[in-house]
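Here's the structure we're looking at; comments come further down.
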Amino acid sequence: MTTTHTFAKAPSSAPLMLKAALPALPGIGGLPGVKHVGTDAPDVVLERPGVAVDADHLARYHEVCGFGPSDRLPITYPHMAAFGLHMALMTDVAFPFAPMGLVHLRNNITQHKPLTAKDVFDVAVRATNLRPHPKGRLIDILTDVTVDGETVWTENMTLFARGKGGAPEETPAPLEGLEAPSGVVRWKLAGNLGRRYGAVSGDRNPIHLYPVTAKAFGFPSNIAHGMWTKAHALAAIANRTPDAASVDVEFKKPILLPATVVFGARTEGRTTEFGVTGSKKPVTHMVGRVGPLA
């Protein structure tokens, strides 16, 4: 039986970030109430009704991600309203994985029609489809955004948990075989990008903030947020994104900050493929595809 938890406002991100970090601490991570004990996707829905857009927050999101001012919400913006619910879901010990060990591997956003800054919408989040991966397991976090009961926007975040006993994926990955298009546009990313995006998104995961905090989790430096990379890419091709669209990305290699990366895109008909690659080394950071709904 599905359990529903309703939030009147977005869950506070700071306590949730602390809760997310606890399972990774030696001597604490195995304690009852801290250790994740779930064996499947929890049968729970987290919802937040009546979400209104804050104009100042939207302006700051436009600025950090590179979108031009508009009354229409960027296609990635509803993710902001869902982030606290994502964290509340993943930090519950019934969730099968500790959040700090997860990798955001793939992301799909489907927009049935654009939202505007005046829209008031409802958000619902759930986990589903725990399944094998050659190097561990995958799980999906689904988000539904509705206006007056009509679904206008959905997101599927596919998270990867590394582990033993993996197996081939049962279905091909959505972007299997897609190579990043060549490009000439260079993005020069400052070392504080993670802190700037974290201040807007609420995602202050230590791996994004400072070199020293990222090194504690095995990274040589702090890394750019995957959802910033997706948003900045879509800002670059906003004039090629249909009003009703589906956007898939796969995150390949993290972008270590500071960095200079290359963005490329190619369009055939109404479908655009895009990617972000290293400026010096032949490494692919992200590939993506956006096209109209069928």
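P211 meets the conditions (1) assigned by TED's automatic domain parsing to the domain that holds C65; (2) of a type outside the set (D, E, K, R); (3) surrounded by fewer than 17 Cβ atoms within 10 Å (Cβ to Cβ) in every case but one. The failed one is (1). Hey, can you tell me all the residues within segment 198-222 that are over 14 Å from L256 (Cβ atoms) and part of a loop (DSSP other than H, G, I, E, B)? G202, D203, R204, N205, A216, listed by residue number. In the set (1) outside any helix (DSSP H, G or I); (2) at negative phi; (3) surrounded by fewer than 18 Cβ atoms within 10 Å (Cβ to Cβ), the condition left unmet by R195 is number (1).
Here T76 fits the description: β-branched (V, I, T), closer than 30 Å to W187 by Cβ, in contact with a Leu (Cβ under 9 Å, 6 or more places away or on another chain) and not assigned by TED's automatic domain parsing to the domain that holds A245.
Filter segment 268-281 down to residues that are under 24 Å from the mean Cα position of the chain (by Cα) and not charged (D, E, K, R) and give me whichever is modelled with the lowest pLDDT. Taking the candidates together, the pick is S279.
A167 satisfies every condition listed in (1) of a type in the set (A, V, I, L, M); (2) assigned by TED's automatic domain parsing to the domain that holds F95; (3) surrounded by 13 or more Cβ atoms within 10 Å (Cβ to Cβ) except (3). Inside segment 26-39, can you point out the residues that are out of contact with any Gly (no Cβ under 8 Å at 6 or more places or on another chain) and surrounded by 12 or more Cβ atoms within 10 Å (Cβ to Cβ)? Residues satisfying the conditions are I28, G29, V34, H36, G38.
Checking the conditions here, which among G264, G288, G269 is surrounded by 22 or more Cβ atoms within 10 Å (Cβ to Cβ) and not polar (S, T, N, Q)?
G288
Scanning segment 79-113 for residues that are assigned to a helix (DSSP H, G or I) and touching a helix residue (DSSP H, G or I) at 6+ places or on another chain (Cβ under 8 Å) yields H79, M80, F83, G84, M87, A88, M90, P99, M100, G101. Does segment 58-78 contain any residue that is part of a helix (DSSP H, G or I), touching a strand residue (DSSP E or B) at 6+ places or on another chain (Cβ under 7 Å), in contact (Cβ under 8 Å) with a residue 60 or more places away in the chain and crowded, with 18+ Cβ neighbours inside 10 Å? Yes, segment 58-78 contains at least one residue that is part of a helix (DSSP H, G or I), touching a strand residue (DSSP E or B) at 6+ places or on another chain (Cβ under 7 Å), in contact (Cβ under 8 Å) with a residue 60 or more places away in the chain and crowded, with 18+ Cβ neighbours inside 10 Å. Counting only residues that are in contact (Cβ under 8 Å) with a residue 60 or more places away in the chain and of a type in the set (F, W, Y), which one in segment 79-117 is nearest to G149 (Cα to Cα)? Step by step, filter segment 79-117, then rank; the result is F83. Of the strands (runs of 3 or more DSSP E) that lie entirely inside segment 223-294, those containing 1 or more residues that are free of Cβ contacts under 8 Å to residues at least 40 places away in the same chain span 259-268, 271-278.
The values are calculated or read from the model by the stated rules, or taken from the named source; none is laboratory data. Quantities reported herein were computed from a predicted structural model and do not represent experimental measurements. A quick note on method: Cβ atoms are made from the backbone with ideal geometry, for glycine too, and the neighbour counts reach across all protein chains shown.
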